[in-house]
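Down below is the structure, laid out as C-alpha coordinates.
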Amino acid sequence: MSAFTQKLYDTFIEGERWKYLTNGLKTTLLITFFAVIIGMVLGFLIAMVRATHDKTGKLKFLNVLARIYLTVIRGTPVMVQLLIIYYVIFASVNIDKVFVGILAFGLNSAAYVAEIVRSGIMSIDNGQFEAGTSLGLNYRRTMIYIILPQAFKNVLPALANEAIVLLKETSVAGYIALEDLTKGGDIIRSLTYEAFLPLIAVALIYLIMVMILTRLVALLERRLAKSDRG
Amino acid sequence: MIEVKNLEKSFGELHILKGISTTIEKGEKVVVIGPSGSGKSTFLRCLNRLEQPSSGQIIFEGKDITGMSEKELCAVREKMGMVFQHFHLFPHLTIRKNLTLAPVKLGLLSKEEADKNAMAMLEKVGLADKAEAYPNQLSGGQKQRIAIARALVMNPDVMLFDEPTSALDPEMVGEVLSLMKTLADDGMTMVVVTHEMGFAREVASRVMFMEGGYIVEENSPDKFFSNPESPRLKEFLSKVL
(Lines give C-alpha, C1' and ligand atoms only; values in the text may rest on other atoms or scores of the structure.)
Protein backbone atom coordinates (compact mmCIF):
# COMPACT_ATOMS: atom_id res chain seq x y z
CA MET A 1 0.00 0.00 0.00
CA SER A 2 1.37 3.40 -0.94
CA ALA A 3 1.93 6.04 1.69
CA PHE A 4 -1.02 8.12 0.46
CA THR A 5 -3.60 5.36 0.49
CA GLN A 6 -2.31 4.37 3.90
CA LYS A 7 -2.98 7.93 5.05
CA LEU A 8 -6.44 7.88 3.50
CA TYR A 9 -7.12 4.62 5.31
CA ASP A 10 -5.86 5.99 8.64
CA THR A 11 -7.81 9.19 8.32
CA PHE A 12 -11.21 7.94 7.25
CA ILE A 13 -11.51 4.15 7.52
CA GLU A 14 -9.52 3.13 10.58
CA GLY A 15 -11.81 3.01 13.60
CA GLU A 16 -14.69 4.27 11.47
CA ARG A 17 -13.26 7.80 11.70
CA TRP A 18 -15.39 8.95 8.77
CA LYS A 19 -18.22 8.97 11.26
CA TYR A 20 -16.71 12.06 12.89
CA LEU A 21 -17.37 13.82 9.61
CA THR A 22 -20.85 12.47 8.91
CA ASN A 23 -22.04 13.02 12.48
CA GLY A 24 -20.43 16.45 12.44
CA LEU A 25 -22.17 17.25 9.19
CA LYS A 26 -25.50 16.22 10.70
CA THR A 27 -24.93 18.56 13.66
CA THR A 28 -23.87 21.38 11.36
CA LEU A 29 -26.96 20.99 9.20
CA LEU A 30 -29.22 20.67 12.25
CA ILE A 31 -27.85 23.87 13.81
CA THR A 32 -27.97 25.73 10.50
CA PHE A 33 -31.51 24.65 9.71
CA PHE A 34 -33.05 25.69 13.01
CA ALA A 35 -30.88 28.79 13.36
CA VAL A 36 -32.10 29.93 9.94
CA ILE A 37 -35.70 29.48 11.09
CA ILE A 38 -35.13 31.43 14.32
CA GLY A 39 -33.20 34.07 12.40
CA MET A 40 -35.91 34.52 9.78
CA VAL A 41 -38.82 34.65 12.24
CA LEU A 42 -37.16 36.89 14.81
CA GLY A 43 -35.47 38.99 12.13
CA PHE A 44 -38.79 39.52 10.40
CA LEU A 45 -40.43 40.65 13.67
CA ILE A 46 -37.59 43.08 14.39
CA ALA A 47 -37.82 44.41 10.84
CA MET A 48 -41.56 45.00 11.27
CA VAL A 49 -40.96 46.94 14.46
CA ARG A 50 -38.27 49.05 12.81
CA ALA A 51 -40.21 49.67 9.60
CA THR A 52 -43.46 50.45 11.42
CA HIS A 53 -41.61 52.97 13.54
CA ASP A 54 -39.95 54.52 10.49
CA LYS A 55 -43.24 54.73 8.60
CA THR A 56 -45.71 55.71 11.31
CA GLY A 57 -43.70 56.86 14.34
CA LYS A 58 -45.39 54.23 16.52
CA LEU A 59 -43.74 51.47 18.62
CA LYS A 60 -41.10 53.86 20.00
CA PHE A 61 -40.07 51.66 22.91
CA LEU A 62 -39.84 48.44 20.89
CA ASN A 63 -37.87 50.30 18.27
CA VAL A 64 -35.28 51.40 20.84
CA LEU A 65 -34.97 47.80 22.05
CA ALA A 66 -34.60 46.59 18.47
CA ARG A 67 -31.90 49.13 17.74
CA ILE A 68 -29.93 48.18 20.84
CA TYR A 69 -30.24 44.53 19.87
CA LEU A 70 -29.02 45.17 16.34
CA THR A 71 -26.11 47.30 17.54
CA VAL A 72 -24.91 44.76 20.08
CA ILE A 73 -25.34 41.69 17.90
CA ARG A 74 -23.81 43.20 14.80
CA GLY A 75 -21.08 44.91 16.78
CA THR A 76 -19.65 41.78 18.42
CA PRO A 77 -18.24 38.57 16.91
CA VAL A 78 -20.63 35.64 16.70
CA MET A 79 -18.05 33.46 18.45
CA VAL A 80 -18.02 35.72 21.49
CA GLN A 81 -21.80 35.65 21.54
CA LEU A 82 -21.72 31.86 21.41
CA LEU A 83 -19.25 31.68 24.31
CA ILE A 84 -21.27 34.14 26.39
CA ILE A 85 -24.52 32.27 25.84
CA TYR A 86 -22.94 28.96 26.78
CA TYR A 87 -20.52 29.91 29.57
CA VAL A 88 -22.36 32.90 31.06
CA ILE A 89 -26.08 32.74 30.40
CA PHE A 90 -26.44 28.96 30.65
CA ALA A 91 -23.44 28.54 32.98
CA SER A 92 -25.37 26.89 35.80
CA VAL A 93 -27.78 24.93 33.61
CA ASN A 94 -27.09 21.56 32.12
CA ILE A 95 -28.24 22.18 28.63
CA ASP A 96 -27.95 20.54 25.24
CA LYS A 97 -25.09 22.18 23.38
CA VAL A 98 -26.84 21.82 20.05
CA PHE A 99 -29.67 23.89 21.47
CA VAL A 100 -27.18 26.53 22.60
CA GLY A 101 -25.67 26.55 19.12
CA ILE A 102 -29.07 26.93 17.45
CA LEU A 103 -29.98 29.74 19.82
CA ALA A 104 -26.69 31.63 19.44
CA PHE A 105 -26.53 31.43 15.66
CA GLY A 106 -30.28 32.08 15.34
CA LEU A 107 -30.13 35.20 17.50
CA ASN A 108 -27.10 36.38 15.58
CA SER A 109 -28.64 35.77 12.18
CA ALA A 110 -31.87 37.55 13.21
CA ALA A 111 -30.00 40.85 13.39
CA TYR A 112 -28.77 40.54 9.82
CA VAL A 113 -32.10 39.25 8.53
CA ALA A 114 -33.85 42.19 10.23
CA GLU A 115 -31.77 44.72 8.37
CA ILE A 116 -32.20 42.90 5.07
CA VAL A 117 -35.99 42.76 5.45
CA ARG A 118 -36.18 46.34 6.68
CA SER A 119 -34.18 47.60 3.72
CA GLY A 120 -36.53 45.63 1.48
CA ILE A 121 -39.57 47.31 3.00
CA MET A 122 -38.03 50.77 2.87
CA SER A 123 -37.03 50.27 -0.78
CA ILE A 124 -40.69 50.04 -1.82
CA ASP A 125 -41.93 53.37 -3.18
CA ASN A 126 -43.96 55.25 -0.59
CA GLY A 127 -46.56 55.72 -3.31
CA GLN A 128 -47.48 52.06 -2.82
CA PHE A 129 -48.34 52.81 0.81
CA GLU A 130 -50.34 55.84 -0.24
CA ALA A 131 -52.19 53.91 -2.92
CA GLY A 132 -53.13 51.25 -0.38
CA THR A 133 -54.19 53.78 2.25
CA SER A 134 -56.18 55.83 -0.23
CA LEU A 135 -58.26 52.73 -0.97
CA GLY A 136 -59.20 52.47 2.70
CA LEU A 137 -56.72 49.75 3.63
CA ASN A 138 -55.18 50.27 7.06
CA TYR A 139 -51.45 50.10 7.75
CA ARG A 140 -51.48 46.39 8.57
CA ARG A 141 -53.42 45.36 5.47
CA THR A 142 -51.36 47.62 3.21
CA MET A 143 -48.24 46.02 4.67
CA ILE A 144 -49.45 42.44 4.24
CA TYR A 145 -51.06 42.62 0.81
CA ILE A 146 -49.08 45.33 -0.95
CA ILE A 147 -45.70 46.06 0.61
CA LEU A 148 -44.44 42.73 1.94
CA PRO A 149 -45.03 40.65 -1.22
CA GLN A 150 -42.95 43.15 -3.18
CA ALA A 151 -40.31 43.56 -0.48
CA PHE A 152 -39.87 39.80 -0.06
CA LYS A 153 -39.35 39.29 -3.73
CA ASN A 154 -36.61 41.92 -3.68
CA VAL A 155 -34.76 40.53 -0.68
CA LEU A 156 -35.17 36.78 -1.23
CA PRO A 157 -31.69 36.40 -2.77
CA ALA A 158 -30.13 38.39 0.08
CA LEU A 159 -31.93 36.22 2.63
CA ALA A 160 -30.73 33.07 0.92
CA ASN A 161 -27.18 34.40 1.01
CA GLU A 162 -27.56 35.09 4.72
CA ALA A 163 -28.44 31.41 5.19
CA ILE A 164 -25.28 30.42 3.30
CA VAL A 165 -23.15 32.71 5.46
CA LEU A 166 -24.77 31.20 8.54
CA LEU A 167 -23.88 27.68 7.41
CA LYS A 168 -20.21 28.65 7.27
CA GLU A 169 -20.31 30.62 10.51
CA THR A 170 -21.47 27.56 12.47
CA SER A 171 -17.93 26.24 12.04
CA VAL A 172 -16.95 28.03 15.26
CA ALA A 173 -19.39 25.85 17.22
CA GLY A 174 -16.45 23.68 18.28
CA TYR A 175 -15.49 26.35 20.77
CA ILE A 176 -18.22 25.14 23.10
CA ALA A 177 -17.14 21.57 22.37
CA LEU A 178 -19.97 21.02 19.94
CA GLU A 179 -19.00 18.29 17.52
CA ASP A 180 -19.95 19.90 14.26
CA LEU A 181 -18.34 19.23 10.89
CA THR A 182 -15.26 21.37 11.57
CA LYS A 183 -14.76 19.89 15.01
CA GLY A 184 -15.15 16.39 13.53
CA GLY A 185 -12.30 17.01 11.13
CA ASP A 186 -10.22 18.45 13.91
CA ILE A 187 -10.79 15.40 16.10
CA ILE A 188 -9.52 13.16 13.30
CA ARG A 189 -6.47 15.42 12.99
CA SER A 190 -5.71 15.07 16.67
CA LEU A 191 -6.07 11.29 16.48
CA THR A 192 -3.88 10.76 13.41
CA TYR A 193 -1.47 13.69 13.73
CA GLU A 194 -2.26 14.23 10.07
CA ALA A 195 -3.83 17.61 9.31
CA PHE A 196 -4.01 17.73 5.53
CA LEU A 197 -6.61 15.11 4.67
CA PRO A 198 -9.26 15.67 7.34
CA LEU A 199 -9.20 19.46 7.05
CA ILE A 200 -9.28 19.41 3.25
CA ALA A 201 -12.16 16.96 3.45
CA VAL A 202 -14.01 19.33 5.79
CA ALA A 203 -13.35 22.27 3.49
CA LEU A 204 -14.60 20.30 0.48
CA ILE A 205 -17.83 19.36 2.22
CA TYR A 206 -18.52 23.02 3.09
CA LEU A 207 -17.63 24.04 -0.43
CA ILE A 208 -19.98 21.51 -2.00
CA MET A 209 -22.85 22.54 0.27
CA VAL A 210 -22.28 26.22 -0.43
CA MET A 211 -22.04 25.58 -4.17
CA ILE A 212 -25.32 23.67 -4.16
CA LEU A 213 -27.05 26.40 -2.18
CA THR A 214 -25.57 29.16 -4.36
CA ARG A 215 -26.84 27.33 -7.40
CA LEU A 216 -30.32 27.17 -5.87
CA VAL A 217 -30.21 30.91 -5.11
CA ALA A 218 -29.20 31.61 -8.72
CA LEU A 219 -32.14 29.54 -9.97
CA LEU A 220 -34.44 31.41 -7.63
CA GLU A 221 -33.12 34.76 -8.82
CA ARG A 222 -33.66 33.78 -12.42
CA ARG A 223 -37.25 32.73 -11.74
CA LEU A 224 -37.95 35.98 -9.94
CA ALA A 225 -36.42 37.96 -12.80
CA LYS A 226 -38.67 36.10 -15.21
CA SER A 227 -41.85 37.07 -13.39
CA ASP A 228 -40.58 40.67 -13.37
CA ARG A 229 -40.79 40.68 -17.12
CA GLY A 230 -44.39 39.65 -16.70
CA MET B 1 -69.89 67.46 0.86
CA ILE B 2 -66.38 68.62 1.80
CA GLU B 3 -65.99 71.70 3.88
CA VAL B 4 -62.48 73.03 4.44
CA LYS B 5 -62.02 75.56 7.22
CA ASN B 6 -58.86 77.54 7.64
CA LEU B 7 -56.63 74.65 6.65
CA GLU B 8 -52.92 75.09 7.33
CA LYS B 9 -50.02 72.77 6.69
CA SER B 10 -46.35 73.16 7.48
CA PHE B 11 -43.46 70.82 6.82
CA GLY B 12 -41.06 71.90 9.53
CA GLU B 13 -40.19 75.52 8.77
CA LEU B 14 -41.88 75.37 5.40
CA HIS B 15 -45.37 76.86 5.53
CA ILE B 16 -47.17 75.30 2.56
CA LEU B 17 -50.86 76.02 3.19
CA LYS B 18 -51.61 79.30 4.93
CA GLY B 19 -55.31 79.13 5.60
CA ILE B 20 -57.50 77.49 2.99
CA SER B 21 -61.27 77.71 3.29
CA THR B 22 -63.65 76.40 0.68
CA THR B 23 -66.64 74.14 0.25
CA ILE B 24 -67.00 71.44 -2.35
CA GLU B 25 -70.61 70.52 -3.04
CA LYS B 26 -71.90 67.19 -4.25
CA GLY B 27 -71.59 66.89 -8.03
CA GLU B 28 -69.11 69.73 -8.33
CA LYS B 29 -66.02 69.41 -10.49
CA VAL B 30 -63.40 71.61 -8.92
CA VAL B 31 -60.20 72.08 -10.89
CA VAL B 32 -57.24 73.44 -8.96
CA ILE B 33 -54.50 75.16 -10.92
CA GLY B 34 -51.45 77.13 -9.93
CA PRO B 35 -47.68 77.26 -10.25
CA SER B 36 -45.59 74.46 -8.76
CA GLY B 37 -45.00 74.92 -5.06
CA SER B 38 -48.29 76.74 -4.65
CA GLY B 39 -49.57 74.01 -2.33
CA LYS B 40 -52.25 72.61 -4.62
CA SER B 41 -51.10 68.99 -4.31
CA THR B 42 -50.67 69.34 -0.55
CA PHE B 43 -54.20 70.75 -0.35
CA LEU B 44 -55.54 67.74 -2.25
CA ARG B 45 -53.57 65.27 -0.13
CA CYS B 46 -54.94 66.86 3.03
CA LEU B 47 -58.49 66.16 1.86
CA ASN B 48 -58.09 62.41 2.48
CA ARG B 49 -55.42 63.00 5.08
CA LEU B 50 -52.50 61.49 3.24
CA GLU B 51 -51.00 64.61 4.77
CA GLN B 52 -51.92 65.47 8.33
CA PRO B 53 -53.04 69.12 8.43
CA SER B 54 -51.19 71.32 10.93
CA SER B 55 -54.40 73.14 11.83
CA GLY B 56 -57.90 73.80 10.56
CA GLN B 57 -60.77 71.49 9.83
CA ILE B 58 -61.86 69.26 6.98
CA ILE B 59 -65.45 68.18 7.27
CA PHE B 60 -66.41 65.32 4.98
CA GLU B 61 -70.06 64.26 4.92
CA GLY B 62 -70.65 65.94 8.25
CA LYS B 63 -67.62 64.57 10.08
CA ASP B 64 -64.38 66.34 10.89
CA ILE B 65 -61.63 64.06 9.61
CA THR B 66 -58.65 66.00 10.94
CA GLY B 67 -58.71 64.36 14.35
CA MET B 68 -59.95 60.93 13.33
CA SER B 69 -58.35 57.65 14.39
CA GLU B 70 -56.82 55.42 11.71
CA LYS B 71 -59.85 53.14 11.84
CA GLU B 72 -62.40 55.88 11.24
CA LEU B 73 -60.16 57.37 8.60
CA CYS B 74 -60.05 54.10 6.64
CA ALA B 75 -63.82 54.14 6.38
CA VAL B 76 -63.69 57.72 5.10
CA ARG B 77 -61.00 56.92 2.56
CA GLU B 78 -63.14 54.14 1.11
CA LYS B 79 -65.47 56.92 0.04
CA MET B 80 -62.72 59.13 -1.41
CA GLY B 81 -61.03 57.76 -4.49
CA MET B 82 -57.58 59.06 -5.29
CA VAL B 83 -55.60 59.04 -8.51
CA PHE B 84 -51.88 59.80 -8.41
CA GLN B 85 -49.51 61.39 -10.85
CA HIS B 86 -47.39 58.24 -10.96
CA PHE B 87 -50.32 55.79 -10.96
CA HIS B 88 -48.99 53.62 -8.11
CA LEU B 89 -50.55 50.45 -9.44
CA PHE B 90 -49.55 47.34 -7.51
CA PRO B 91 -46.86 45.81 -9.74
CA HIS B 92 -47.02 42.34 -8.19
CA LEU B 93 -50.71 41.89 -8.98
CA THR B 94 -52.60 41.46 -12.23
CA ILE B 95 -54.84 44.30 -13.35
CA ARG B 96 -57.90 42.38 -12.19
CA LYS B 97 -56.39 41.86 -8.75
CA ASN B 98 -55.38 45.51 -8.58
CA LEU B 99 -59.08 46.25 -8.82
CA THR B 100 -60.36 43.53 -6.49
CA LEU B 101 -57.78 43.71 -3.69
CA ALA B 102 -59.35 46.49 -1.62
CA PRO B 103 -63.03 45.53 -2.00
CA VAL B 104 -62.28 41.90 -1.10
CA LYS B 105 -59.85 42.52 1.76
CA LEU B 106 -62.15 45.12 3.27
CA GLY B 107 -64.99 42.61 3.13
CA LEU B 108 -67.18 44.81 0.93
CA LEU B 109 -67.59 42.22 -1.80
CA SER B 110 -67.07 38.48 -2.15
CA LYS B 111 -64.31 37.41 -4.50
CA GLU B 112 -66.81 36.50 -7.21
CA GLU B 113 -68.71 39.77 -6.91
CA ALA B 114 -65.47 41.74 -6.95
CA ASP B 115 -64.27 39.90 -10.06
CA LYS B 116 -67.54 40.61 -11.84
CA ASN B 117 -67.47 44.21 -10.70
CA ALA B 118 -63.85 44.61 -11.81
CA MET B 119 -64.56 43.21 -15.25
CA ALA B 120 -67.50 45.60 -15.69
CA MET B 121 -65.27 48.49 -14.64
CA LEU B 122 -62.49 47.39 -17.03
CA GLU B 123 -65.10 47.25 -19.77
CA LYS B 124 -66.06 50.80 -18.92
CA VAL B 125 -62.48 52.11 -19.14
CA GLY B 126 -61.94 50.09 -22.31
CA LEU B 127 -59.28 47.75 -20.97
CA ALA B 128 -61.14 44.49 -20.40
CA ASP B 129 -58.55 42.63 -22.49
CA LYS B 130 -55.83 43.59 -19.99
CA ALA B 131 -57.46 41.92 -16.98
CA GLU B 132 -54.77 39.25 -16.62
CA ALA B 133 -51.85 41.50 -17.61
CA TYR B 134 -49.44 43.04 -15.12
CA PRO B 135 -49.07 46.82 -14.73
CA ASN B 136 -45.59 46.91 -16.29
CA GLN B 137 -47.06 45.56 -19.54
CA LEU B 138 -49.26 48.63 -19.98
CA SER B 139 -48.60 52.07 -21.43
CA GLY B 140 -48.73 55.13 -19.19
CA GLY B 141 -52.18 56.10 -20.37
CA GLN B 142 -53.50 52.60 -19.79
CA LYS B 143 -51.94 52.53 -16.32
CA GLN B 144 -53.68 55.74 -15.38
CA ARG B 145 -57.03 54.48 -16.68
CA ILE B 146 -56.55 51.36 -14.56
CA ALA B 147 -55.68 53.55 -11.56
CA ILE B 148 -58.93 55.44 -12.08
CA ALA B 149 -60.82 52.15 -12.39
CA ARG B 150 -59.18 50.89 -9.20
CA ALA B 151 -60.47 53.92 -7.33
CA LEU B 152 -63.91 53.64 -8.92
CA VAL B 153 -64.56 50.03 -7.88
CA MET B 154 -64.72 51.30 -4.31
CA ASN B 155 -67.78 53.27 -5.40
CA PRO B 156 -66.47 56.54 -3.94
CA ASP B 157 -68.50 59.68 -3.30
CA VAL B 158 -65.70 61.92 -4.48
CA MET B 159 -62.63 61.43 -6.67
CA LEU B 160 -59.38 63.28 -6.04
CA PHE B 161 -56.95 63.60 -8.95
CA ASP B 162 -53.38 64.67 -8.27
CA GLU B 163 -51.94 65.79 -11.62
CA PRO B 164 -53.21 62.66 -13.35
CA THR B 165 -51.72 63.48 -16.76
CA SER B 166 -48.42 65.11 -15.77
CA ALA B 167 -46.37 61.92 -16.03
CA LEU B 168 -47.83 60.85 -19.37
CA ASP B 169 -46.46 61.06 -22.88
CA PRO B 170 -48.37 63.78 -24.76
CA GLU B 171 -50.23 61.34 -27.01
CA MET B 172 -51.65 59.54 -23.97
CA VAL B 173 -53.05 62.55 -22.19
CA GLY B 174 -56.20 62.54 -24.30
CA GLU B 175 -57.40 59.04 -23.36
CA VAL B 176 -57.11 59.81 -19.64
CA LEU B 177 -58.81 63.19 -19.91
CA SER B 178 -61.66 61.76 -21.94
CA LEU B 179 -62.22 59.07 -19.29
CA MET B 180 -62.26 61.77 -16.62
CA LYS B 181 -64.73 63.74 -18.70
CA THR B 182 -67.02 60.71 -18.95
CA LEU B 183 -66.80 60.38 -15.21
CA ALA B 184 -67.71 64.04 -14.78
CA ASP B 185 -70.66 63.65 -17.13
CA ASP B 186 -71.85 60.73 -14.97
CA GLY B 187 -72.15 63.18 -12.10
CA MET B 188 -69.10 62.23 -10.02
CA THR B 189 -67.88 64.84 -7.56
CA MET B 190 -64.30 65.58 -8.54
CA VAL B 191 -61.37 67.61 -7.29
CA VAL B 192 -58.67 67.77 -9.93
CA VAL B 193 -55.21 69.26 -9.59
CA THR B 194 -53.91 69.70 -13.12
CA HIS B 195 -52.10 71.84 -15.64
CA GLU B 196 -54.58 70.96 -18.39
CA MET B 197 -56.30 74.28 -19.00
CA GLY B 198 -58.47 72.82 -21.75
CA PHE B 199 -59.88 70.28 -19.32
CA ALA B 200 -60.49 72.98 -16.71
CA ARG B 201 -62.35 75.13 -19.21
CA GLU B 202 -64.44 72.28 -20.57
CA VAL B 203 -65.24 70.13 -17.54
CA ALA B 204 -64.87 72.22 -14.39
CA SER B 205 -67.84 73.69 -12.60
CA ARG B 206 -65.40 75.83 -10.68
CA VAL B 207 -61.74 76.66 -11.18
CA MET B 208 -59.52 77.48 -8.26
CA PHE B 209 -56.20 79.31 -8.55
CA MET B 210 -53.71 78.70 -5.77
CA GLU B 211 -50.50 80.50 -5.11
CA GLY B 212 -48.18 80.76 -2.12
CA GLY B 213 -50.43 78.64 0.08
CA TYR B 214 -53.61 80.65 -0.52
CA ILE B 215 -56.61 80.33 -2.81
CA VAL B 216 -56.08 83.53 -4.77
CA GLU B 217 -59.18 83.31 -6.89
CA GLU B 218 -61.99 80.88 -7.64
CA ASN B 219 -64.71 81.24 -10.18
CA SER B 220 -66.71 79.53 -12.89
CA PRO B 221 -64.46 78.60 -15.82
CA ASP B 222 -66.02 81.26 -18.07
CA LYS B 223 -65.22 84.14 -15.77
CA PHE B 224 -62.01 82.55 -14.56
CA PHE B 225 -60.42 82.40 -17.98
CA SER B 226 -62.01 85.32 -19.78
CA ASN B 227 -62.21 87.77 -16.93
CA PRO B 228 -59.61 87.05 -14.23
CA GLU B 229 -59.62 89.55 -11.40
CA SER B 230 -56.32 89.26 -9.58
CA PRO B 231 -53.19 90.48 -11.36
CA ARG B 232 -51.35 87.33 -10.31
CA LEU B 233 -53.88 85.11 -12.06
CA LYS B 234 -53.78 87.34 -15.16
CA GLU B 235 -50.02 86.94 -15.26
CA PHE B 236 -50.25 83.16 -14.76
CA LEU B 237 -52.86 82.73 -17.48
CA SER B 238 -50.91 84.88 -19.90
CA LYS B 239 -48.00 82.48 -19.48
CA VAL B 240 -49.85 79.17 -19.74
CA LEU B 241 -52.53 79.90 -22.32
- Determine, yes or no, whether B:T182 is of a type in the set (V, I, T) and buried (at least 21 other Cβ atoms within 10 Å of the Cβ). no
- Give the stretch B:76-103 a look and list any residue that's of a type in the set (A, V, I, L, M, F, W, C) and touching a Pro at 6+ places or on another chain (Cβ under 9 Å), or say none. B:M80, B:M82, B:V83, B:F84, B:F87, B:L89, B:F90, B:L93, B:I95
- Starting from the stretch B:162-173, take each residue that is more than 7 Å from B:Q85 (Cα to Cα) and list its partners that are open to solvent by less than 50 Å² (accessible area, probe 1.4 Å) and of a type outside the set (A, V, I, L, M, F, W, C), counting only C-beta distances under 7 angstrom and pairs at least six apart or across chains. B:L168/B:G140; B:L168/B:G141; B:L168/B:Q144; B:D169/B:G140; B:M172/B:S139; B:M172/B:G140; B:M172/B:G141; B:V173/B:T165
- Task: Output the number of the condition that B:V30 fails; it satisfies all remaining conditions of (1) away from chain A (no Cβ under 13 Å); (2) without any contact (Cβ under 8 Å) to a residue 40 or more places away in the chain.
- Result: (2)
- Of all residues in the stretch A:73-120, how many are surrounded by 14 or more Cβ atoms within 10 Å (Cβ to Cβ), more than 17 Å from A:I164 (Cα to Cα) and not aliphatic (A, V, I, L, M)? 7
- Going by the conditions given, is A:I144 at the interface with chain B (Cβ under 10 Å from one of its Cβ atoms), of a type in the set (V, I, T) and more than 19 Å from B:V83 (Cα to Cα)? yes
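For residues that are open to solvent by 20 Å² or more (accessible area, probe 1.4 Å) and either in contact with a strand residue (DSSP E or B) (Cβ under 9 Å, 6 or more places away or on another chain) or over 19 Å from B:T194 (Cα atoms) (or both), tally how many sit in the stretch B:33-57. Explain how you work it out, then say what you get.
Restricting attention to the stretch B:33-57, the residues satisfying the condition of being open to solvent by 20 Å² or more (accessible area, probe 1.4 Å) are B:35-37, B:41-42, B:45, B:49-52, B:54-57.
Now restrict to residues that are either in contact with a strand residue (DSSP E or B) (Cβ under 9 Å, 6 or more places away or on another chain) or over 19 Å from B:T194 (Cα atoms) (or both): B:35, B:37, B:41-42, B:45, B:49-52, B:54-57.
Counting residues in the stretch B:33-57 that are open to solvent by 20 Å² or more (accessible area, probe 1.4 Å) and either in contact with a strand residue (DSSP E or B) (Cβ under 9 Å, 6 or more places away or on another chain) or over 19 Å from B:T194 (Cα atoms) (or both) gives 13.
Within 14 Å of another protein chain (Cβ to nearest Cβ), in a helix (DSSP H, G or I) and in contact with a Lys or Arg (Cβ under 6 Å, 6 or more places away or on another chain), is that true of A:R118? Spell out how you get there, then give the answer.
Values: within 14 Å of another protein chain (Cβ to nearest Cβ): no; in a helix (DSSP H, G or I): yes; in contact with a Lys or Arg (Cβ under 6 Å, 6 or more places away or on another chain): yes.
The answer is no for A:R118.
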- Task: For residues that are open to solvent by 20 Å² or more (accessible area, probe 1.4 Å) and of a type in the set (V, I, T), scanning just the stretch B:63-106, find the one that is nearest to the other protein chains (Cβ to nearest Cβ).
- Result: B:V104
- Query: Checking A:M1 against (1) modelled with pLDDT under 90; (2) in a helix (DSSP H, G or I), which single condition isn't satisfied?
  - Reply: (2)
- Task: Could you tell me whether A:V165 is under 30 Å from A:I176 (Cα atoms), surrounded by fewer than 20 Cβ atoms within 10 Å (Cβ to Cβ) and away from every other protein chain (no Cβ under 14 Å)?
- Result: yes
- Which helices (runs of 4 or more DSSP H) does the stretch B:92-204 wholly contain that include 2 or more residues that are in contact with a Gly (Cβ under 7 Å, 6 or more places away or on another chain)? B:140-152, B:170-185
- Test each condition in (1) in contact (Cβ under 8 Å) with a residue 24 or more places away in the chain; (2) surrounded by fewer than 20 Cβ atoms within 10 Å (Cβ to Cβ) for B:V193 and report the one that comes out false. (2)
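Within the group A:L137, A:L213, A:L197, A:L156, which residue is modelled with pLDDT under 95 and within 14 Å of chain B (Cβ to nearest Cβ)? Even if it seems obvious, please write down each step before you answer.
Numbers: A:L137 fails: modelled with pLDDT under 95; A:L213 fails: within 14 Å of chain B (Cβ to nearest Cβ); A:L197 fails: within 14 Å of chain B (Cβ to nearest Cβ).
Within the list A:L137, A:L213, A:L197, A:L156, the selection yields A:L156.
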- Message: So if I check each of A:N126, A:N138, A:N154, which one is under 21 Å from A:L219 (Cβ atoms), of a type in the set (S, T, N, Q) and open to solvent by 20 Å² or more (accessible area, probe 1.4 Å)?
- Response: A:N154
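The values are calculated or read from the model by the stated rules, or taken from the named source; none is laboratory data. Here the structure is a predicted model, which is why all the values come from computation and not from measurement. Quick reminder, even Gly has a Cβ in these numbers, built from the backbone with ideal geometry, and neighbours come from all protein chains shown. Just so you know, the surface numbers come from the protein's heavy atoms only, side chains and all, with ligands and any DNA or RNA stripped out. Shrake-Rupley method; radii C 1.70, N 1.55, O 1.52, S 1.80 Å.
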